[in-house]
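FYI, it's all coordinate maths here, none of it is from the lab. Since this is a predicted model, take the numbers as computed values, not measurements. A quick note on method: Cβ atoms are made from the backbone with ideal geometry, for glycine too, and the neighbour counts reach across all protein chains shown.
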Amino acid sequence: MERKAEQLKELKEKLAVLKKERNAIILAHYYQRDEIQEVADFRGDSFLLAQKAASTDAETIVFCGVHFMGESAKILAPNKTVLIPDERAGCPMADMVNVDGLKALKAKHPNAKVVAYINTSADVKAETDICCTSANAVKVIESVDAEEIIWVPDKNLGHYVSQFTDKKIIIWEGYCNTHDMLTVKDVEEMRRLHPNAQFVVHPECRPEVVAMGDFVGSTTAIIKYCRESDCQEFIVGTEDGTGYQLRKDSPHKQFHFATKYLVCPNMKVNNLKKVVKCLETMQPQVYVPPHIADKARASLERMLQVK
Ligand code: 13P
Ligand code: SF4
């Protein structure tokens with residue numbers, strides 16, 4: 001245990017030197033391991049991290065999240081070097097939609113515009129009209145000049161947002177393996193164990209689970225709600241890395257994750273050692289072919305402009 005603490009200390013010291021040498025900023029999603037969130041210059045959800053990548057002055061971005069997030073950063077900041085700690089950190093939900101499938105659906109619904117969750121690959125983004133995240137999905141849908149919307153790839157978030165718009169939402173059948181795992185039974189059991197707790201839930205969970213929420217929102221919205229609420233105890237229906245920021249903001253409140261399965265194995269592929277190594281070697285770098293990046297950028301930038 002002591003050895004581990006010493007290793008982390010050494011890695012943090014190395015990182016501080018490398019960051020200066022490379023003029024680098026470390027961006028970390030709230031689902032990353034604590035050891036990464038601790039050293040991040042900026043922590044956030046998908047939306048805040050995309051915004052930060054687009055606006056930073058640093059020459060190098062180390063993006064600690066999953067692959068589509070690093071890609072989005074590179075698309076938004078094409079002149080910067082974007083490093084990811086491990087190329088194998090993918091998102092199974094993003095892999096559930098591909099260009100051919102999306103083109104076929106577009107052909108079936110020629111009047112529809114495509115709203116893509118940011119959890120998509122760059123080549124899929126290039127086939128869409130606008131991106132969104134869980135933090136702005138309803139606003140984005142309302143901003144689109146069409147009454148029919150093709151929504152990719154998350155069926156659970158698609159179901160959730162369709163309750164807040166009169167537009168016809170044509171929903172792709174993808175889902176997040178992690179959030180979709182949470183069941184009504186899990187939440188009922190947690191409520192029995194913690195009768196005074198409020199249940200806060202991410203809309204990537206199943207509709208029947210989301211319907212049980214005392215509060216429903218993106219990762220950032222959940223963090224803000226728990227920080228500002230008078231309630232002292234919460235059952236949390238999102239990925240367990242969120243606990244880092246929840247406990248940092250409110251050390252005296254209690255947070256119970258709704259099941260032990262709310263862990264995204266892809267997000268946990270990264271660790272501090274890999275963060276240091278990627279800055280040392282300046283590898284792996286994210287590359288997006290310019291003809292794809294230009295089209296995908298238009299969709300991402302449209303999202304960033306939605307107020
Ligand atoms: P947000 O970051 O938009 O809350 O999305 C959660 C998620 O699953 C990211 O992969
Ligand atoms: Fe993808 Fe779900 Fe993991 Fe987010 S939590 S990266 S949506 S698998």
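Observations on the model:
- Ordering 78, 267, 257 by the projection of their Cα atoms onto the charge dipole of the chain, which places +1 on the Cβ of Lys and Arg and -1 on the Cβ of Asp and Glu, puts 78 at the extreme positive end.
- Computed magnitude of the charge dipole of the chain (debye, nearest 20; Cβ of K, R +1, Cβ of D, E -1): 480
- Pairs with C-alpha atoms separated by more than 28 Å, drawn from the list 19/52; 224/268; 113/224; 19/125; 74/273; 106/167, are 113/224; 19/125.
- Mean separation of Cα contacts under 8 Å (6+ apart) over length of the chain, as relative contact order %: 23
- 5 angstrom amide H check on residue 253, placed H, neighbours 5+ away: none
- Selection among 51, 63, 93 by position relative to the dipole of region 32-158 gives 93 as farthest towards the positive end (Cβ unit charges, Cα centre).
- Neighbour-count ranking [beta-carbon atoms within 10 angstrom, fewest first] of 133, 120: 133, 120
- Take every pair of alpha-carbon atoms less than 8 Å apart whose residues are at least six positions apart; their mean separation over the length of region 78-155 yields a relative contact order of 34 percent.
- Karplus 3J(HN,Hα) series, Hz, for region 103-108 with 6.51 cos²θ - 1.76 cosθ + 1.60 (x for Gly, Pro): 4, 5, 5, 4, 5, 6
- Förster-model FRET efficiency, 35 Å R0, residue 13 and residue 247, C-beta, rounded to 0.05: 0.90
- Loop sites in region 209-301: chymotrypsin sites (Phe, Trp or Tyr not before Pro), DSSP, at most 12 other Cβ within 10 Å: 287
- The relative contact order of region 1-45, computed from alpha carbon pairs under 8 Å that lie at least 6 residues apart in sequence, is 31 percent.
- Distance-filtered residues of region 248-266 - backbone nitrogen under 11 Å, label point 7 angstrom along residue 214 Cα→Cβ: 254
- Placing dummy labels 7 Å off each Cα toward the beta-carbon, the span from residue 145 to residue 230 is 4.7 nm.
- Whole-angstrom gap from region 135-163 to region 71-116, using each part's C-alpha centre: 16
- Largest GNM mean-square fluctuation among 27, 246, 49, using the chain with Cα springs under 10 Å: 246.
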